[in-house]
Structures are given as C-alpha cells and as structure tokens.
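J.: One structure coming up, written as structure tokens, with questions to follow.
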Amino acid sequence: MEVLETTEKEMLQKNIEEFSRLQSYMEVCEENSEAYMRMRQRYIELKVILTASGINLTELDRIKA
C-alpha cells in the first residue's frame with residue numbers, strides 16, 4: 001500500500017483555501033445562528049494554525065473576529 005505524503009506547502013495551501021471559503025460562508029450567514037457559531041469555531045482554529053505557520057492574515061482575513 002502506497003502512502004501519500006502531503007507536504008507542508010500543500011497543507012498550508014489547503015488551510016488557506018479553507019480559511020477563505022469558510023469566510024465566504026460566514027459572510028452570508030446570520031451571526032447569531034448555530035451554523036455561524038460552528039463556522040466561527042473552525043475559523044478561529046484555522047486562524048491559529050495559519051498564524052503559527054507564519055502566514056500574515058492581514059490581507060486574507062475579511063471577518064476579523
């Protein structure tokens with residue numbers, strides 16, 4: 001069985017794409033909804049991961065929450 005390895009660069013790219021996509025969903029969702037609150041949890045997790053990886057979120061972060 002062949003094991004596929006994901007490089008650090010690929011993981012960062014996936015996290016950045018997820019971060020951007022998640023913000024798009026959050027922008028059209030009611031802030032007080034359960035869906036928004038769950039998305040916000042993942043948003044915070046991704047923000048921490050990307051910041052710890054040295055990614056500057058100044059331009060990427062549209063929610064700023």
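J.: Where residues in segment 41-54 are under 13 Å from the mean Cα position of the chain (by Cα) and of a type outside the set (A, V, I, L, M), which of them is most open to solvent (accessible area, probe 1.4 Å)?
T.: Applying the filter and picking the extreme gives GLN41.
J.: How many of the residues making up segment 26-40 are of a type outside the set (A, V, I, L, M, F, W, C), over 16 Å from LYS64 (Cβ atoms) and open to solvent by 100 Å² or more (accessible area, probe 1.4 Å)?
T.: Qualifying residue count, segment 26-40: 4.
J.: Looking at GLU17, is it part of a helix (DSSP H, G or I), open to solvent by 60 Å² or more (accessible area, probe 1.4 Å) and charged (D, E, K, R)?
T.: yes
The values are calculated or read from the model by the stated rules, or taken from the named source; none is laboratory data. Remember, predicted model here, so these are calculated numbers, not experimental data. Neighbour counts are summed over all protein chains in view; Cβ atoms, including those assigned to glycine, are modelled from backbone coordinates with ideal geometry. Heavy atoms of the whole protein, side chains included, go into the accessibility calculation; ligands, DNA and RNA do not. Shrake-Rupley method; radii C 1.70, N 1.55, O 1.52, S 1.80 Å.
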